[in-house]
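The values are calculated or read from the model by the stated rules, or taken from the named source; none is laboratory data. Model, not experiment: these values are computed from the prediction. Glycine also receives a Cβ, built like all others from the backbone with ideal geometry; neighbour counts cover every protein chain displayed.
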Ligand code: GLU
């Protein structure tokens, strides 16, 4: 099966903003295991801005938001991909960095180039690690967030499944902190979830459950099975693929 996996900033960074290398390493172990089981993986990883911010703590932060995003992502993306490269190399897995912008999904020539780049990597067993090119993609040129990007990548690569990893088990019937709320395990096609979703953004990245839910709905409508799960749970990816009924998650059926 071809699976696009999106890892959110909240999964990869600690509360002080530094890169959680232990977590990254655990996720790399799981992805290597899924490849061993015969799955093809495309990774969409956030965390550039957050890890750049963690790296440049000493800098005076009187920069405007665009400057901050450009500076932090330039430094953070280098750090992020370097870690992935080294961690996957231990398994003999070659990875390649794909930095993209909204234009690459709109203009037909750009789209063709982007599609070809993904194809040639997959055909040659190289694991694509995709992120938005945050250094040049600013303000109105930006994707809504990496959830949107992951839905587009899943469709472009004809993935059968999209897994969106966040720091929560999935979509709840109310505020997850409230004991009366429960996790929604299955979302059938056409089901409207707007009554359940909290309109809060994630602290580390730009997304939130609202954006995850709308990306998941649209991507499932395009024929791709979508799963939202908690990337901080041990062995989550392997469990989702091998024992989903006993693994907390929200799955959007097609
Ligand atoms: N591309 C951003 C990063 O890597 C994350 C965007 C998002 O939060 O979805 O830092």
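Within the option set 147, 134, being part of a loop (DSSP other than H, G, I, E, B), touching a residue at least 12 places away in the same chain (Cβ under 8 Å) and crowded, with 17+ Cβ neighbours inside 10 Å holds for one residue only, 134. Set side by side, the residues 93, 59, 81, 5 differ, and just one is under 15 Å from the mean Cα position of the chain (by Cα) and either part of a loop (DSSP other than H, G, I, E, B) or surrounded by fewer than 23 Cβ atoms within 10 Å (Cβ to Cβ) (or both), which is 81. Restricting attention to the range 131-163, report how many residues are out of contact with any strand residue (DSSP E or B) (no Cβ under 9 Å at 6 or more places or on another chain), at pLDDT below 95 and near the ligand (Cβ under 10 Å from one of its atoms). Within the range 131-163, residues that are out of contact with any strand residue (DSSP E or B) (no Cβ under 9 Å at 6 or more places or on another chain), at pLDDT below 95 and near the ligand (Cβ under 10 Å from one of its atoms) number 1.
Residue-wise test of (1) surrounded by 11 or more Cβ atoms within 10 Å (Cβ to Cβ); (2) farther than 16 Å from residue 223 by Cα; (3) free of Cβ contacts under 8 Å to residues at least 12 places away in the same chain.
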position	(1), (2), (3)
160	yes, no, no
167	yes, yes, no
172	yes, yes, no
180	no, yes, yes
184	yes, yes, no
198	yes, yes, no
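Give the residue that is modelled with the highest pLDDT, with candidates limited to residues of the range 29-56 that are within 16 Å of the ligand (Cβ to nearest atom) and in a helix (DSSP H, G or I). This residue is 48. Screening the range 160-254 for strands (runs of 3 or more DSSP E) wholly inside it with 1 or more residues that are under 26 Å from residue 53 (Cβ atoms) returns the ranges 161-166, 225-230.
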